[in-house]
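Scroll down for the structure; my scribbles are underneath it.
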Amino acid sequence: MVGAHIGCQIRLATTRWASDGQTASGSVFFTFHYSAAGGQWRASETAAAGVTGVDGNGTTEHACNLWNTCFLTDGKYDRFVDQGDKEKGMQLLVWNGQVNANRTCELIIID
């Protein structure tokens, strides 16, 4: 179907978000819908009302921010500097530059 919204379940998980001793992962699950035609997306979290955005609109928007460690975002970053959202494409961002450089991040997509 051309222009149809595509949806999936997302699991975003992280370890060592505050220290190297945190080896058990913390995670969040949410439903993610994306329209390839227009770039509109929506992340519906169980703990929040959800977030919406438009991919490729010039403004970086985060579909999910897990403890300032793992981000599902429509923007691009270079050396922890936001480069904007100049083209379509969602990114997984692992924010390693501040407290703990050994952070991990994993993204699981369940169709």
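Of the residues Ala18, Ala37, Ala24, Ala13, which single one is touching a residue at least 60 places away in the same chain (Cβ under 8 Å) and either more than 13 Å from the chain's Cα centre (by Cα) or not in a strand (DSSP E or B) (or both)? Outline the logic, then answer.
Details: Ala37 fails: touching a residue at least 60 places away in the same chain (Cβ under 8 Å); Ala24 fails: touching a residue at least 60 places away in the same chain (Cβ under 8 Å); Ala13 fails: either more than 13 Å from the chain's Cα centre (by Cα) or not in a strand (DSSP E or B) (or both).
Going through Ala18, Ala37, Ala24, Ala13 in turn, the sole match is Ala18.
Count, please, the residues in the range 64-91 that happen to be in a strand (DSSP E or B) and in contact (Cβ under 8 Å) with a residue 40 or more places away in the chain.
The first filter runs over the range 64-91 and keeps only residues in a strand (DSSP E or B), leaving 64-66, 70-73, 76-78, 81-84, 91.
With in contact (Cβ under 8 Å) with a residue 40 or more places away in the chain added as a condition, the list becomes 64, 66, 70, 72.
Number satisfying all stated conditions: 4.
Under 16 Å from Ala43 (Cα atoms), of a type in the set (D, E, K, R) and exposed (fewer than 12 other Cβ atoms within 10 Å of the Cβ): does that describe Asp78?
Working: under 16 Å from Ala43 (Cα atoms): no; of a type in the set (D, E, K, R): yes; exposed (fewer than 12 other Cβ atoms within 10 Å of the Cβ): yes.
The answer is no for Asp78.
Throughout, read-outs are computed from the coordinates displayed, never taken from laboratory work. A quick note: this is a predicted structure, and the numbers were derived from the prediction, not measured. Cβ sites come from the backbone with ideal geometry, for glycine too, and all protein chains shown count toward neighbours.
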